Amino acid sequence: MTVHVRQNTYAAYLDGDVTAMEALRALCSDYEELDATYKDFEGLREQTRDQISNVLVKIGDKVEVKGFGLLTLMQPSIVEGFDKKALTELIVALTLEGNTDVAQRLAACATKSARAGGLRIEREKR
């Protein structure tokens, strides 16, 4: 990895020994390498999370691993919320109309969204 080179290139730029474009080319090259490495590690991380989930399915949805933390398989759920813009418009309209049927109209603004289940990892405090 070129982190050491990146620091030297940036230092050289700050010292005026490298032009801005030379520094940008080197830094962008380093960024590209780091980005590719990150994507590789992200894939490995997700694969490991899937494997942990598969083991948890066999032994229980919630397990504490000493020295690591608490592992929990979360079930999919529905999350309710409100459309903020619609709610604001409704409140204004109700105020102008003097309408007392607030509960039904507010309930019509409610939104629901699905939250996927999955692995939750809570690391031990160190």
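The values are calculated or read from the model by the stated rules, or taken from the named source; none is laboratory data. Quick caveat, the model's predicted, so the values are computed rather than measured. Here the Cβ positions follow ideal geometry from the backbone for every residue, glycine too, while neighbour counts run over all protein chains shown.
In summary, residue 1 fulfils each of the numbered conditions (1) modelled with pLDDT of 95 or more; (2) exposed (fewer than 10 other Cβ atoms within 10 Å of the Cβ) with the single exception of condition (1). Checking 37, 72, 48 one by one, the residue that is outside any helix (DSSP H, G or I), at pLDDT 90 or above and within 30 Å of residue 123 (Cβ to Cβ) is 72 and no other.
The single condition among (1) free of Cβ contacts under 8 Å to residues at least 40 places away in the same chain; (2) on the phi < 0 side of the Ramachandran plot that residue 16 does not meet is (2). Does the range 20-71 hold any residues that are within 18 Å of the chain's Cα centre (by Cα) and of a type in the set (Ser, Thr, Tyr), and which are they? 38, 48, listed by residue number.
The residues listed here are 11, 23, 36; of these, the one that is in contact with a Phe, Trp or Tyr (Cβ under 7 Å, 6 or more places away or on another chain) and either assigned by TED's automatic domain parsing to the domain that holds residue 116 or at negative phi (or both) is 23. Here 63, 79 are screened, and the one residue that is hydrophobic (A, V, I, L, M, F, W, C) and loosely packed, with under 10 Cβ neighbours inside 10 Å is 79.
Within the range 89-103, if we keep just the residues that are within 35 Å of the chain's Cα centre (by Cα) and loosely packed, with under 12 Cβ neighbours inside 10 Å, the residue that is modelled with the lowest pLDDT turns out to be 103.
Of all residues in the range 88-121, those satisfying the criterion of being in contact with a strand residue (DSSP E or B) (Cβ under 9 Å, 6 or more places away or on another chain) and either over 30 Å from residue 51 (Cα atoms) or part of a helix (DSSP H, G or I) (or both) are 106, 109, 110, 111, 112.
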